[in-house]
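Undergrad: There's a structure below that I have some questions on.
The values are calculated or read from the model by the stated rules, or taken from the named source; none is laboratory data. If you're wondering where the values come from, they're calculated on a predicted model, not measured in any experiment. Please note: Cβ atoms are built from the backbone with ideal geometry, for glycine as well, and neighbour counts cover all protein chains shown. The protein model used for the area step is the full one, side chains on, heavy atoms only, and it has no ligands, DNA or RNA in it. Shrake-Rupley method; radii C 1.70, N 1.55, O 1.52, S 1.80 Å.
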Amino acid sequence: MTERDTIGINDVIAAMNETPVSIPIIGITGGKGGVGKSTVAVNLAEAFVQKGYKVSLVDADVDAPDDHLLLNIPLKNSEDVVITQPLFIDDKCTRCRRCITVCRVNALFQPKNHIPVLIGDCNGCEACILVCPSDAIARNKKLVGKTFMSKNKNLKLFTGELIPGIEESSFVVNALKERVFKEAGESDIIIIDTSPGAHCNVMNALKGSDHAYAVTEPTPLGAHDLERILKLLSIMQIKANIILNRSDLPGAREKIQSVAENYNVEISGEIAMDDLLVRSYVKGIPVVRMYPGAKSSQAIIKLSQKIAAMHLS
Amino acid sequence: MKLCITSAGKDIESKIDERFGRSPYFLFVDTDTMDFKAVPNTAETAGRGAGIRAVQLIVDNEADAVLTGVVGPNAFEALKAAKVNVYEGASELDTVKNAVEGFKKGDFKEVSCPAEGHGSGRGRGRGGFRGGR
């Protein structure tokens, strides 16, 4: 048997989760939007910094990156994220059309006796360049987004920002993570704040996480979207726990518990509704810094201690 | 002239399909003799870019003009690049044969810019899925 025959799905997933760093990576995700992912991520990061840890916080919600606002840190050290666009070289092109056949998004078109032209939305996959037998396609660049790295004492905030209207947001997430792995340096922990949903972007953000926390709320919507993200985490073979935000909302707590049981996932933290949390949120100061004694701060600090015991000891 | 019509079926009595990139067949009709050839649309089920792929097929079959319901902006740009004239406004209530007769009488106007309201650079995404990213 060749090596190829023996590779199974588990090997593929393990390879997908490989990272070039040995720093513990914690994903903060949750399926539903507006459940408090960023609030939890930002406050967790702050709680670790207060304990003297060096933290890399990654804002991978590239469609709406807000962590810098919650932390009141300006975005700095911008780097462009570019994707390839094919540029056809007339005197090298043999009009063989392999590029047109291979293009999965049908973005290329060849008028009669003419070189191919790019008309549709090219996603930069470079398959056309790969199949071109005459080296007739050069790499043009298209700006799709930016990454930033803002340093504030022991906190490094990495932010990805997609240019609005551009489809290929995964490129920005992947570029952001590459940058994190390159620049996280001597960080003790990497915390990745994902976008809502259970799509490519969220997958790319969570890839390589040692542990992911699904933030949710006790509502029917929260339970529904929680189930979706737990399914994704199970497929990705990433250890999952639940953080129940607004835990005292009179509502669908039993629905959350039932999802947790179905997926054999524990609720490892509960954050009750807290006026002080809202006040800090409006000010753009993490609640664990502004009101360390608040019940929400205490809940998040307790969670950070659990994570530290599991991953930083 | 060789006119390409988007058709629901493969003979001249078939109904028009108003969709450009996703019609099941293209009928290439010689408007002088009414001879025709049906070509299945291989782009019909494309995830993305069906319009552009359809234009490739039409250009390869050497049509001088296209008659359909409405053409998306990407396909329109490709047709323009290939110097194929575009006629819109054909109705799915009509047969291909009737539409060609109407065309010869001048019932359809040549279109010089893509249909309004589709935004720029994108069709209306009638595909079943948006292709994995």
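Undergrad: State which residue is farthest from residue B:103 (Cα to Cα) when the search covers only the range B:66-89 and only residues that are within 11 Å of chain A (Cβ to nearest Cβ), among the aliphatic types (A, V, I, L, M) and part of a loop (DSSP other than H, G, I, E, B). Reasoning before the result, please.
TA: Keep residues of the range B:66-89 that are within 11 Å of chain A (Cβ to nearest Cβ), which gives B:72-84.
So of that shortlist, the ones also among the aliphatic types (A, V, I, L, M) come out as B:75, B:78-79, B:81-82, B:84.
After this cut, where a residue has to be part of a loop (DSSP other than H, G, I, E, B) as well, the list is B:82, B:84.
Values: B:82: 21, B:84: 16 Å.
Filtering the range B:66-89 for residues that are within 11 Å of chain A (Cβ to nearest Cβ), among the aliphatic types (A, V, I, L, M) and part of a loop (DSSP other than H, G, I, E, B), the one farthest from residue B:103 (Cα to Cα) comes out as B:82.
Undergrad: Looking at B:44, B:13, which one is modelled with pLDDT of 95 or more and over 18 Å from residue B:87 (Cβ atoms)?
TA: From the options B:44, B:13, the qualifying one is B:13.
Undergrad: So, residue A:167, is that one within 14 Å of chain B (Cβ to nearest Cβ), charged (D, E, K, R) and out of contact with any Cys (no Cβ under 8 Å at 6 or more places or on another chain) or not?
TA: Numbers: within 14 Å of chain B (Cβ to nearest Cβ): yes; charged (D, E, K, R): yes; out of contact with any Cys (no Cβ under 8 Å at 6 or more places or on another chain): yes.
Yes; evaluated as a whole, the condition is true for this residue.
Undergrad: Right, next: What are the pairs with Cβ atoms under 8 angstrom where one residue, in the range A:93-108, is without any contact (Cβ under 8 Å) to a residue 24 or more places away in the chain and more than 8 Å from chain B (Cβ to nearest Cβ) and the other, located anywhere, is open to solvent by 20 Å² or more (accessible area, probe 1.4 Å) and assigned to a loop (DSSP other than H, G, I, E, B)? Sequence gap at least six, or different chains.
TA: A:95/A:113; A:95/A:115
Undergrad: Look at the range A:228-262 and say how many of its residues are among the polar types (S, T, N, Q) and more than 16 Å from residue A:299 (Cβ to Cβ).
TA: Matching residues across the range A:228-262 total 5.
Undergrad: Looking only at the range A:172-189, count how many residues are surrounded by fewer than 23 Cβ atoms within 10 Å (Cβ to Cβ) and either within 14 Å of chain B (Cβ to nearest Cβ) or at pLDDT 95 or above (or both).
TA: Qualifying residue count for the region: 9.
Undergrad: OK, next. Quick one: which residue in A:146, A:156, A:141 is open to solvent by less than 40 Å² (accessible area, probe 1.4 Å) and more than 14 Å from chain B (Cβ to nearest Cβ)?
TA: A:156
Undergrad: Could you grab me the full set of residues in the range A:109-133 that are assigned to a helix (DSSP H, G or I) and either at the interface with chain B (Cβ under 10 Å from one of its Cβ atoms) or more than 21 Å from residue A:170 (Cβ to Cβ) (or both)?
TA: If the condition is that a residue be assigned to a helix (DSSP H, G or I) and either at the interface with chain B (Cβ under 10 Å from one of its Cβ atoms) or more than 21 Å from residue A:170 (Cβ to Cβ) (or both), then A:131 is the only one that fits.
Undergrad: Return the residue satisfying two criteria in turn: it lies in the range A:1-53 and is among the hydroxyl-bearing types (Ser, Thr, Tyr) and under 18 Å from the mean Cα position of the chain (by Cα), and of such residues it is surrounded by the fewest Cβ atoms within 10 Å (Cβ to Cβ).
TA: Top of the filtered list is A:19.
Undergrad: Let me ask something else. Looking only at helices (runs of 4 or more DSSP H) that fall completely inside the range A:157-254, which ones have 1 or more residues that are among the charged types (D, E, K, R) and farther than 29 Å from residue A:84 by Cβ?
TA: The helices (runs of 4 or more DSSP H) meeting that bar are A:220-235.
Undergrad: Condition first: open to solvent by less than 20 Å² (accessible area, probe 1.4 Å) and farther than 18 Å from residue A:36 by Cβ. Now tell me which residues in the range A:54-103 satisfy that.
TA: Within the range A:54-103, A:55, A:56, A:62, A:73, A:81, A:83, A:84, A:86, A:99, A:100 meet the criteria.
Undergrad: Moving to a separate point now. Step by step: first the residues of the range B:66-83, then only those that are over 11 Å from the mean Cα position of the chain (by Cα) and not polar (S, T, N, Q), then the one that is surrounded by the most Cβ atoms within 10 Å (Cβ to Cβ). Which residue is that?
TA: Once the filter is applied, the top-ranked residue is B:78.
Undergrad: Regarding residue A:236, is this residue surrounded by 15 or more Cβ atoms within 10 Å (Cβ to Cβ) and within 21 Å of residue A:52 (Cβ to Cβ)?
TA: no
Undergrad: Here is a follow-up. Can you tell me how many residues within the range A:282-305 are open to solvent by 90 Å² or more (accessible area, probe 1.4 Å) and within 23 Å of residue A:241 (Cβ to Cβ)?
TA: Matching residues across the range A:282-305 total 4.
Undergrad: Would you check which residues across the range A:62-92 are charged (D, E, K, R) and either touching a helix residue (DSSP H, G or I) at 6+ places or on another chain (Cβ under 8 Å) or free of Cβ contacts under 8 Å to residues at least 24 places away in the same chain (or both) and list them?
TA: If the condition is that a residue be charged (D, E, K, R) and either touching a helix residue (DSSP H, G or I) at 6+ places or on another chain (Cβ under 8 Å) or free of Cβ contacts under 8 Å to residues at least 24 places away in the same chain (or both), then A:63, A:66, A:67, A:79, A:91 are the ones that fit.
Undergrad: Right, another one. Looking only at the range A:266-282, count how many residues are touching a residue at least 12 places away in the same chain (Cβ under 8 Å), of a type in the set (D, E, K, R) and farther than 21 Å from residue A:306 by Cα.
TA: 2
Undergrad: Is at least one residue of the range B:126-133 away from every other protein chain (no Cβ under 14 Å), at pLDDT below 95 and either surrounded by 11 or more Cβ atoms within 10 Å (Cβ to Cβ) or touching a Cys at 6+ places or on another chain (Cβ under 7 Å) (or both)? Even if it seems obvious, please write down each step before you answer.
TA: Initially, the range B:126-133 is screened for residues away from every other protein chain (no Cβ under 14 Å), giving B:128.
Next cut, at pLDDT below 95 only: B:128.
Of the ones still in play, those that are also either surrounded by 11 or more Cβ atoms within 10 Å (Cβ to Cβ) or touching a Cys at 6+ places or on another chain (Cβ under 7 Å) (or both) are none.
No, there is no match, as no residue in the range B:126-133 is away from every other protein chain (no Cβ under 14 Å), at pLDDT below 95 and either surrounded by 11 or more Cβ atoms within 10 Å (Cβ to Cβ) or touching a Cys at 6+ places or on another chain (Cβ under 7 Å) (or both).
Condition check ((1) charged (D, E, K, R); (2) touching a strand residue (DSSP E or B) at 6+ places or on another chain (Cβ under 8 Å); (3) not assigned by TED's automatic domain parsing to the domain that holds residue A:170) across all residues:
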residue: A:112; (1), (2), (3): yes, no, yes
residue: A:123; (1), (2), (3): no, yes, yes
residue: A:126; (1), (2), (3): yes, yes, yes
residue: A:133; (1), (2), (3): no, no, yes
residue: A:136; (1), (2), (3): no, yes, yes
residue: A:149; (1), (2), (3): no, yes, no
residue: A:152; (1), (2), (3): no, no, no
